[in-house]
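Following: one structure in structure tokens, then a few remarks.
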Amino acid sequence: MNDDLVKLTIDGIEVDVPKGTLVVDAAKKIHVDIPVFCYHPKLEPVGMCRMCLVEIGLPMRDRGTGELLLDDDGSPKLNFGRGLQTGCTVRVSEGMVVRTTTEPVKEVREDVISFLLSSHPLDCPICDKGGECPLQNLTMEYGPGVSQMDYSLKMHNEKQVPLGDLIYLDRERCIQCARCIRFQEEIVDDPVIQFHNRGRALEIVTMSEPGFDSYWSGNTTDICPVGALTSSDFRFGARPWELTPVPSLSPHSPAGANIVMSTRREAKSGGRSVIKRIVPRQNEWVNEIWISDRDRFVHHFADAPDRLQKPLIRKNGELTEVSWDEALDLVAEKLQAHSTAVAGLSGDRLSNEDLYAFQHLFRRGLGSNNLDLANRRLAGGDVTAQVGLASGSNLQDLGAGDAILVVASDLHEEEPIWWLRVKQASERGATLVVLNLRPTRLDKYADYVFRYAPGEAIVTVRQLVNAAKVETDTAVDQLTAAADTLIKANNLVAFYGYEGLTYTETDTLAKLLANLLLLKNEDKAHAGQINSGLIPVWPHNNSQGAWDMGIHPALAAGYQPVEASGMDAATIYEAVHNGGLKALYVMGADPVGDGRMPNRGQLDFLVVQELFLTETAKLADVVLPAQSWAEREGTFTSGERRVQRYYQAISPLGECRPDWQIAAQIGERLDMGKPAFAASLLFRDLAKVVPQYKGMDYRSLAKVAEQWPLVGGDDVYYGGTSYKNEAGLGQQWAAAAETDEVGLFEVADGDTAVTTNLPLVRIAALYTPGTLINHTPMLADRLAAPTLHLYADDAQIIGLQDGGETVIQVNGRSLSVQVCVNGHAPAGLALLSGVPWFPGMAEFEIL
């Protein structure tokens, strides 16, 4: 007998469930539905709505002996008490008997529905929730069948209350279940909406400025059991039954957030399907059932009217529309003519198929290793391949006895999904250690917080690792105590980023953290163990895939060293300027717009493959229109090395083609053979070349398993409108340490010297302006303005005041910035947000 399980009976069905399980969840496991409004399986139970009332009987025992009392037939006598009990607050016990379909239960359900409808508006024909509304469904199932409303007693209220730019409240529809309030408080710790007033005047109000100031606000519309909360993106846009759900992945999330794109054909789009909304898709190993507002709302670029739709060639100084054959022929001819002085730069938002085809074109077709990411910010992909988070891991499993280390990263601004999962692990009892230049929102949940001075990141982490090597019973300081906790943890996960660090420093940081994971405690290292390993906080959704596919001057696909290293991005930009390169192929990146490449320099030929006519594309000789992620299928690889598949949701705009297909068709003109005609076939080819992807194909990536809680079924009242995952959970490729002995990494000495009294560091902001997010109108007022953050004494010394504006010069660029003196910047350090990334620390000058 398993002491951790409890046996009970629900409607005559015996079921064994873990101790502590709520009655409503126990019933769900055997597909007995107990209707709820306020309860949600991810929230703490409150028993507010009373919809889940059931009969609960407990075995009776002799008060003297403690023995069970038996009926004449030998079964235990049951005490059902004097009334019904809330199934969402009562936890199971041995021998419990639950009845969910008796007459008293039916009567109270009808009464609850009647009370809710007594002043609820008859909005169903125009309500966004109609068709997927728990109140509507439960009324049909359990309601009285006839209206009991006395119109003279109806309480009228405001119908369109903007809680912020993104979420609208219909106060008449609200049933005051508090799901939204509790989500903001319990799950994401953004208590920016609250109840106000009492009795029938009770209403939800926003407590922040700007209104509903949270990166998670859209999730409240998913879990709202009525149509009270709607998003400005989808509001009055379509009816749920008109929508076609298409499983996909966020094109922004390095954690690999699973989503569903709801599409509909529209006459105003010429009969073309368009994206009407994005909602979460359950993946308990990745994002559970939540997504950030960036993942939810930044999709409008896929349907943007200014998208490139036809190839362009510069003729007589002007970019002119041409046929694909003319454009591809010219590109192939020019690249081949300059094959000894050609380079390629790629973005890391593209699919694995795109990136593999791009590097294949350069290495096999052009014989060149001059290949890199246009904005390579973070090193350590090769280190992660050795000691990355082990396959089979789930951050949701971390808790008491485990530890998490976060270095040089603001997870809340860089990847909210990881921030949430680390926060929740801390709340479950995991020890959290944070090292950074400045305060971040993660500090609140940390057991140890260390601030290193500018230029001292590496030396601080080195001290931590060295302290972990020494066994001690009594810690002499906080750093030693933290190191002792990390090395002795059951499981250890280390996140690292690039805030304030050069690329070289991030490489050193990755190796130091790898060595920490490789240190043995009681003859056992963390590296290679499930729920332990290294996670780089990549800047984009497929930065990991770019490493895997060989977008690197020294590493081919699968981390295979090349015979002769090519130019990296920095060298490429220098060669563009000094004439060392004659041809440059840029795919899915904008180095000119990002300030990495001031102009086309002395290039003879520049080809750009893009969604939009970016600043780099405006200078090009040939511009090739690419499809967005929504217009084709492909795969991304998350920072936890989970390879996941996304699907085509809408038809391509104009004559756009997939990036992988364009690269392959250029290769065909260079005698590389016929290109694959489907992304699935190209993935099959790359899986043969990349050892880590061996055994993967589109079918294996589409495999699913039952997850808890059960969401996405007809009973949307239980888990909300998040979609059940029926399209694939992905596959996590194994780090080398899982099967092989990995030795300690050699680590270079020293940090980058600080050469100024007030160094400037660029910090992340989730809504930093950029090509994609700028096409999302509802986020326009929330885009991060260029802002200079200063410590009060530093601001006074250089003559700047909070709320003022100034112009600064950074790395040769002039920027108009707002000045913010609010305590976020530590003394002796200036922070700059809302601008494109630049590496390490910079000097700045006030103009």
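The values are calculated or read from the model by the stated rules, or taken from the named source; none is laboratory data. Computed from a predicted structure; not experimentally measured. Ideal geometry is used to build each Cβ from the backbone, glycine not excepted, and the neighbour counts take in all protein chains shown. Ligands, DNA and RNA are stripped out before the accessible areas are found, and what is left, the full protein with its side chains, is counted by its heavy atoms. Shrake-Rupley method; radii C 1.70, N 1.55, O 1.52, S 1.80 Å.
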- prompt: Taking the condition closer than 30 Å to Leu398 by Cβ and either touching a strand residue (DSSP E or B) at 6+ places or on another chain (Cβ under 7 Å) or not assigned by TED's automatic domain parsing to the domain that holds Tyr693 (or both), does Val537 pass?
  reply: yes
task: Among the residues of region 397-420, write down those that are open to solvent by less than 10 Å² (accessible area, probe 1.4 Å), touching a residue at least 40 places away in the same chain (Cβ under 8 Å) and part of a helix (DSSP H, G or I).
output: Leu411, Pro416, Ile417, Trp418, Leu420
task: For region 57-74, indicate whether the set of residues that are surrounded by 14 or more Cβ atoms within 10 Å (Cβ to Cβ), touching a Cys at 6+ places or on another chain (Cβ under 8 Å) and part of a loop (DSSP other than H, G, I, E, B) is non-empty.
output: no
message: Going by what's in this entry, would Met140 be described as assigned to a helix (DSSP H, G or I), of a type in the set (A, V, I, L, M, F, W, C) and either outside the structural domain of Leu779 (by TED's automatic domain parsing) or open to solvent by 10 Å² or more (accessible area, probe 1.4 Å) (or both)?
response: yes
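Sort through Asp71, Asp16, Asp25 and tell me the only one that's acidic (Asp, Glu), closer than 24 Å to Gln424 by Cα and out of contact with any helix residue (DSSP H, G or I) (no Cβ under 9 Å at 6 or more places or on another chain).
After applying the criteria, what remains is Asp25.
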query: For region 537-551, what are the residues that are surrounded by 24 or more Cβ atoms within 10 Å (Cβ to Cβ) and assigned to a loop (DSSP other than H, G, I, E, B)?
result: Val537, Trp538, Asn541, Asn542, Gly550, Ile551
- line: Those residues of region 341-396 that are open to solvent by 20 Å² or more (accessible area, probe 1.4 Å), assigned to a helix (DSSP H, G or I) and under 28 Å from Ala764 (Cβ atoms) come to a total of 3
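So which residues in region 302-340 are assigned to a loop (DSSP other than H, G, I, E, B) and not polar (S, T, N, Q), if there are any at all? Lay out the reasoning, then the answer.
The first filter runs over region 302-340 and keeps only residues assigned to a loop (DSSP other than H, G, I, E, B), leaving 304-311, 316-317, 322-323, 338.
Of everything in region 302-340, those that are assigned to a loop (DSSP other than H, G, I, E, B) and not polar (S, T, N, Q) turn out to be Ala304, Pro305, Asp306, Arg307, Leu308, Lys310, Pro311, Gly317, Val322, His338.
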query: Residues in region 710-723: is at least one without any contact (Cβ under 8 Å) to a residue 40 or more places away in the chain, surrounded by fewer than 17 Cβ atoms within 10 Å (Cβ to Cβ) and under 26 Å from Arg179 (Cα atoms)?
result: yes
query: Which residues, counting only those in region 456-477, are without any contact (Cβ under 8 Å) to a residue 40 or more places away in the chain, over 23 Å from Leu378 (Cβ atoms) and open to solvent by 60 Å² or more (accessible area, probe 1.4 Å)?
result: Asn466, Val470, Glu471, Asp473, Thr474, Val476, Asp477
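Here's the yes/no breakdown for (1) outside any loop (DSSP other than H, G, I, E, B); (2) under 18 Å from the mean Cα position of the chain (by Cα); (3) surrounded by 18 or more Cβ atoms within 10 Å (Cβ to Cβ):
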site: Ala238; (1), (2), (3): no, no, no
site: Gly256; (1), (2), (3): no, yes, yes
site: Arg264; (1), (2), (3): yes, no, no
site: Val286; (1), (2), (3): no, yes, yes
site: Arg296; (1), (2), (3): yes, yes, yes
- line: Of the candidates Gly588, Gly667, Gly595, the one satisfying the condition of being within 30 Å of Gln560 (Cα to Cα) and open to solvent by 10 Å² or more (accessible area, probe 1.4 Å) is Gly588
- line: For region 118-146, pairs from a residue that is farther than 21 Å from Thr101 by Cβ to a residue that is hydroxyl-bearing (Ser, Thr, Tyr) and open to solvent by less than 50 Å² (accessible area, probe 1.4 Å), with Cβ under 7 Å and 6 or more apart or across chains, are Asp128/Thr230; Glu132/Thr721
- line: Given (1) more than 29 Å from Thr440 (Cα to Cα); (2) open to solvent by 30 Å² or more (accessible area, probe 1.4 Å); (3) in a loop (DSSP other than H, G, I, E, B), Glu209 misses just (1)
When residues of region 676-705 are limited to those that are in contact (Cβ under 8 Å) with a residue 60 or more places away in the chain and closer than 16 Å to Tyr559 by Cα, the one surrounded by the fewest Cβ atoms within 10 Å (Cβ to Cβ): Pro691
field: Check on Val807, open to solvent by 30 Å² or more (accessible area, probe 1.4 Å) and either in contact (Cβ under 8 Å) with a residue 40 or more places away in the chain or in contact with a Ser or Thr (Cβ under 9 Å, 6 or more places away or on another chain) (or both)
entry: yes
statement: Pro786 vs (1) at pLDDT 95 or above; (2) open to solvent by less than 20 Å² (accessible area, probe 1.4 Å); (3) farther than 30 Å from Arg641 by Cβ: all pass except (2)
task: Could you list, in sequence order, all residues of region 517-536 that are on the phi < 0 side of the Ramachandran plot and surrounded by fewer than 24 Cβ atoms within 10 Å (Cβ to Cβ)?
output: Leu518, Leu519, Lys520, Asn521, Lys524, Ala525, Gln529, Ile530
- prompt: Can you find a residue in region 733-746 that is under 30 Å from Val246 (Cα atoms) and either out of contact with any Cys (no Cβ under 6 Å at 6 or more places or on another chain) or free of Cβ contacts under 8 Å to residues at least 24 places away in the same chain (or both)?
  reply: yes
message: Could you check region 1-56 and list, in sequence order, the residues that are surrounded by fewer than 18 Cβ atoms within 10 Å (Cβ to Cβ), in a strand (DSSP E or B) and of a type in the set (Asp, Glu)?
response: Glu14, Asp16
- request: Name the residue, out of Thr508, Thr485, Thr480, that is among the polar types (S, T, N, Q), open to solvent by 10 Å² or more (accessible area, probe 1.4 Å), without any contact (Cβ under 8 Å) to a residue 60 or more places away in the chain and assigned to a helix (DSSP H, G or I).
  value: Thr480
statement: The one condition Glu203 fails out of (1) crowded, with 20+ Cβ neighbours inside 10 Å; (2) assigned by TED's automatic domain parsing to the domain that holds Gly164 is (1)
- prompt: Could you say which residue among Gly799, Gly834 is more than 31 Å from the chain's Cα centre (by Cα), on the phi > 0 side of the Ramachandran plot and either modelled with pLDDT of 95 or more or exposed (fewer than 14 other Cβ atoms within 10 Å of the Cβ) (or both)?
  reply: Gly799
- prompt: What number goes with the only condition from (1) open to solvent by 40 Å² or more (accessible area, probe 1.4 Å); (2) among the acidic types (Asp, Glu); (3) in contact with a Leu (Cβ under 7 Å, 6 or more places away or on another chain) that Glu610 does not pass?
  reply: (1)
message: Please go through region 9-62 and give me each residue that is free of Cβ contacts under 8 Å to residues at least 12 places away in the same chain and at positive phi, ordered by number.
response: Gly12, His31
Identity of the residue in region 712-723, part of a loop (DSSP other than H, G, I, E, B) and small (Gly, Ala, Ser), that ends up nearest to the chain's Cα centre (by Cα): Ser722
